[in-house]
Structure formats: structure tokens, C-alpha cells
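K.L.:
If you scroll down you'll find the structure; I have some questions about it.
The values are calculated or read from the model by the stated rules, or taken from the named source; none is laboratory data. The structure presented is a predicted model; accordingly, all values stated were derived computationally and were not measured. Positions of Cβ are backbone-derived with ideal geometry, glycine not excepted, and every protein chain shown enters the neighbour counts. With ligands, DNA and RNA removed, areas are computed over all heavy atoms of the protein, side chains included. Shrake-Rupley method; radii C 1.70, N 1.55, O 1.52, S 1.80 Å.
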Amino acid sequence: MHYTPVTKKSLFSAAVCALLAATPAKAIIYDEAVLGDLSNDKAAPTALTLTPGLNSVIGTVAGFPQFGGTDPQD
């Protein structure tokens, strides 16, 4: 009979592999470069639906008008 001892290191490695396999994929739920500008109207914000795991909203702002910008908020 062949016996393989279970060590803390092997248990830790197995746990890390299980966690990585179970982690939901990262989702980009909004990208201004693809979908256009997010709403600047506080009374009518852009609706976003989050998914389990990591969610990314990718956007830019163009600065405050007093400094020559045109899009100070999203």
C-alpha cells in the first residue's frame, strides 16, 4: 500500500486552487468608450446591474469648467 502524507502545504495549495476555480469572472458592466457617457444628471443616473464577483465601470471625466474642463462628473 502506498501512503502519501497530507501536509499543511498541500492542504493550503488545494484550498487556493478551489478558491480560484470558484471565483466568478470579472465583469465590465459599463465602458464609456463603448457605450457612451454616463449620465451627469443626479435625478436620472445611468442604471447599472451588478453581477456576483468583481464589477468594473470604466469611464473618464474631463475636469471642472473653471479649469477648462467640460465634463466634471459622472
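K.L.:
Go through the stretch 61-74 and count every residue that is assigned to a loop (DSSP other than H, G, I, E, B) and open to solvent by less than 100 Å² (accessible area, probe 1.4 Å).
P.N.:
If we filter the stretch 61-74 for residues that are assigned to a loop (DSSP other than H, G, I, E, B), which is where we start, we get 61-64, 68-74.
Cutting the leftovers down to open to solvent by less than 100 Å² (accessible area, probe 1.4 Å) gives us 61-63, 68-69, 71-74.
Number satisfying all stated conditions: 9.
K.L.:
Still on this structure, please answer the following. Considering Ala43, Ala33, Ala47, which residue is outside any loop (DSSP other than H, G, I, E, B) and loosely packed, with under 11 Cβ neighbours inside 10 Å?
P.N.:
Details: Ala43 fails: outside any loop (DSSP other than H, G, I, E, B); Ala47 fails: outside any loop (DSSP other than H, G, I, E, B).
Just a single option satisfies the conditions, and that option is Ala33.
K.L.:
Next up: Cβ-Cβ distance below 9 Å, separation of 6 or more or different chains: which pairs start in the stretch 46-74 with a residue that is of a type outside the set (Phe, Trp, Tyr) and end on one that is modelled with pLDDT under 80 and not in a loop (DSSP other than H, G, I, E, B)?
P.N.:
The qualifying pairs are Pro72/Pro65.
K.L.:
Let me ask something additional. Kindly indicate the residue of the stretch 50-60 that is open to solvent by less than 50 Å² (accessible area, probe 1.4 Å) and part of a loop (DSSP other than H, G, I, E, B) and also nearest to Gly36 (Cα to Cα) among those meeting that condition.
P.N.:
Restricting to residues being open to solvent by less than 50 Å² (accessible area, probe 1.4 Å) and part of a loop (DSSP other than H, G, I, E, B), the top hit is Gly59.
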